[in-house]
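Asker: I have a structure here, written as structure tokens, and I will follow up with some questions on it.
The values are calculated or read from the model by the stated rules, or taken from the named source; none is laboratory data. All figures in this text were calculated on a predicted structure; none of them were measured in a lab. Cβ atoms come from the backbone with ideal geometry, glycine included; neighbour counts cover every protein chain shown. Surface accessibility is based on the protein's heavy atoms, side chains included, excluding ligands, DNA and RNA. Shrake-Rupley method; radii C 1.70, N 1.55, O 1.52, S 1.80 Å.
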Amino acid sequence: MRIVRQKQRTIEKFVALSLLPRSIFRSIRTTSHFKQWHKVPMNYVRIIELPLTWYLLEPDQKHKILDISSPKLLSLFLSANNYNNLTISDISDYFVKDFEKYAKKFAISPEIAVFDAKSIPYPENTFDRVFSVSVLEHVPDTGDMEIVKDVARVLKPGGIFVITLPAYENYLEEWLKNTKISWPTVTNSQGESFFQRRYDETAIEKRFENLGLEIKDIIYIAEKPIKKPQINDQGLLLHNVYYLEDLSLSQSLNKIYKKFNNTLPFVPYISHRYCSQQYHYLTRDAHDTNIRQVGIKFQKFS
């Protein structure tokens, strides 16, 4: 946990000392990504997830790296720190214009690509490292398995693939009622939309076996619960992140943020960071009833 927390602080310093000063440029401060990072660079869920991904990935600046993640802060951080062979991708182009602006102001040149990760448009044995944060769990049916299989194809022998997923003590699927999902999904006979899976040890083993990769490490992100987890009427598993705004600290900080016209950086982030320090811990115990996320490190057979 200590190493992951150190990496968390390194990412925070990057946002404070490298990204925020560039807000003098209108092109930067008006991007949708910057507006969010200015307020909360890593929310409660991501605050351990992103540095854990970096830790498991073990990237080298010479590596050719593919990002098929939803959150993009780790990619900007790596690009700005001389990881020059980085490809940043997603299934839609929402991030492209922002990163074209960042490329100019950070003097970086990552490759930017838009594609479905179930069919990655690169030849076999292209990448040394691939990482995916908050993607596979949202792909319906066997989509998560299809992505892993195609990543195995584009990874070089000995290459590493790191994914993070929601986790729970038992395998769980969250299907939402009366909710529009912003990415391709499916609906069931009750009209519910597939949102995501929460993986347990058995699901990880069964869904990702025989796909061309070997599991090298599994680290769970657990949390001491503010309230006992429960599934709400909408179909979501409620855990700490859903109670964060109810805490007095969060409410006080949000008032301060609004009082200063949302201009003070990181003010709402203080409550996310405080709660992570208070509640989060890492474990390799798959039977810990407090697990909420998991980081998995795969390696391609040499």
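Asker: Straight-line reach from Lys206: which aspartates and glutamates have a Cα under 15 Å away, not including same-chain ones fewer than 8 places off?
Answerer: Partners within reach: Glu137, Asp141, Asp144, Glu146, Glu214.
Asker: Ordering Thr31, Thr187 by how much accessible area each has at a 1.4 Å probe, largest first, what is the list?
Answerer: These residues rank, largest area first, as Thr187, Thr31.
Asker: Here is the link list: Lys39/Lys258; Lys72/Lys259; Lys35/Lys258. Which ones come out longer than 19 Å on Cα distance?
Answerer: Checking Cα-Cα distances, Lys72/Lys259 exceed 19 Å.
Asker: Right, something else. Can you classify segment 48-128 as rounded, prolate or oblate using the Cα gyration tensor, where a ≥ b ≥ c are the square roots of its eigenvalues, rounded means a/c under 1.5, and otherwise it's prolate if a/b beats b/c and oblate if not?
Answerer: Note, shape of segment 48-128 comes out rounded.
Asker: What is the spin-label model distance, in nm, from Asp60 to Ile218 if the labels are put 7 Å beyond Cα along the C-beta direction?
Answerer: Taking the simple label geometry, Asp60 and Ile218 are separated by 2.9 nm.
Asker: Measuring from label point to label point, each 7 Å out along Cα→Cβ, what is the Asn125 to Leu249 span in nm?
Answerer: Placing both labels 7 Å along Cα→Cβ, they lie 5.1 nm apart.
Asker: A further question on this structure: Can you pull the percent of segment 33-180's accessible area that's carbon plus sulfur, 1.4 Å probe, other chains left in place?
Answerer: That share works out to 45 percent.
Asker: On to the next question. Based on the alpha-carbon gyration tensor of segment 153-253, what equivalent-ellipsoid semi-axes (square roots of 5 times the eigenvalues) come out, in whole Å, largest first?
Answerer: Here the semi-axes work out to 29, 21, 14 Å.
Asker: If you compute volume of the Cα convex hull per residue in Å³ for the structure shown, which of [x] 151; [y] 121; [z] 133 do you land on?
Answerer: Computed from these coordinates, volume of the Cα convex hull per residue in Å³ corresponds to label [z].
Asker: Sticking with this structure for a sec: Which residue, Glu49, Glu174, Glu223, tops the fluctuation ranking in a GNM of the chain built on C-alpha contacts under 10 Å?
Answerer: Evaluated over the chain, the most mobile residue of the options is Glu174.
Asker: Another question, then. Ignoring ligands and nucleic acids, what accessible area does Asp200 show with a 1.4 Å probe (Å², nearest 10)?
Answerer: For Asp200, solvent-accessible area is about 30 Å².
Asker: Keeping the other protein chains in place, figure out the carbon and sulfur percent of the accessible area of segment 234-287, with a 1.4 Å probe.
Answerer: 54 percent
Asker: DSSP beta bridges in segment 129-206, what fraction antiparallel, as a percent rounded to 5?
Answerer: 50 percent
Asker: Would you please give the FRET efficiency between Lys177 and Ile270, computed as 1/(1 + (r/R0)^6) with r the Cβ-Cβ distance and R0 = 41 Å, to the nearest 0.05?
Answerer: For Lys177 and Ile270, the calculated efficiency is 0.75.
Asker: What 222 nm value per residue comes from the helices of the chain, counting each DSSP H run with n ≥ 4 as -39,500 (n - 2.57) and dividing by all residues, nearest 500 deg cm²/dmol?
Answerer: Only helices count here, giving -9500 deg cm²/dmol.
Asker: If you don't mind, there's one more thing I want to ask. Send over the per residue convex hull volume for segment 84-228, Cα only, as a whole number of Å³.
Answerer: 162 Å³
Asker: Assuming R0 = 25 Å, can you tell me the calculated FRET efficiency for the pair Glu111 and Thr10, based on Cβ-Cβ distance, to the nearest 0.05?
Answerer: Rounded to the nearest 0.05, the efficiency is 0.55.
Asker: Using DSSP, restrict attention to beta bridges with both residues in the chain and report what percent are antiparallel, rounded to the nearest 5.
Answerer: Among the beta bridges of the chain, antiparallel pairing accounts for roughly 60 percent.
Asker: Given a 1.4 angstrom probe, what's the average accessible area per residue across segment 1-136, in square angstrom?
Answerer: Accessible area per residue: 43 Å².
Asker: Cα to Cα, under 20 Å, and not fewer than 8 places away if on the same chain: which aspartates and glutamates meet these conditions relative to Lys227?
Answerer: Hits, sequence-local ones excluded: Glu169, Glu174, Glu245, Asp246, Asp288.
Asker: Moving to a separate point now. May I have the extent of the alpha carbons of segment 1-146 along their three principal axes, as whole Å values ordered from largest to smallest?
Answerer: 43, 35, 31
Asker: What's the longest bit of the chain with no exposed trypsin sites (Lys or Arg not before Pro), using DSSP loop states and at most 13 other Cβ atoms within 10 Å as the test?
Answerer: Free of exposed loop sites, the longest segment is 63-176.
Asker: Would you mind getting the accessible area per residue of segment 181-240, heavy atoms of the protein chains only, 1.4 Å probe, in Å²?
Answerer: Each residue of segment 181-240 exposes 52 Å² on average to a 1.4 Å probe.
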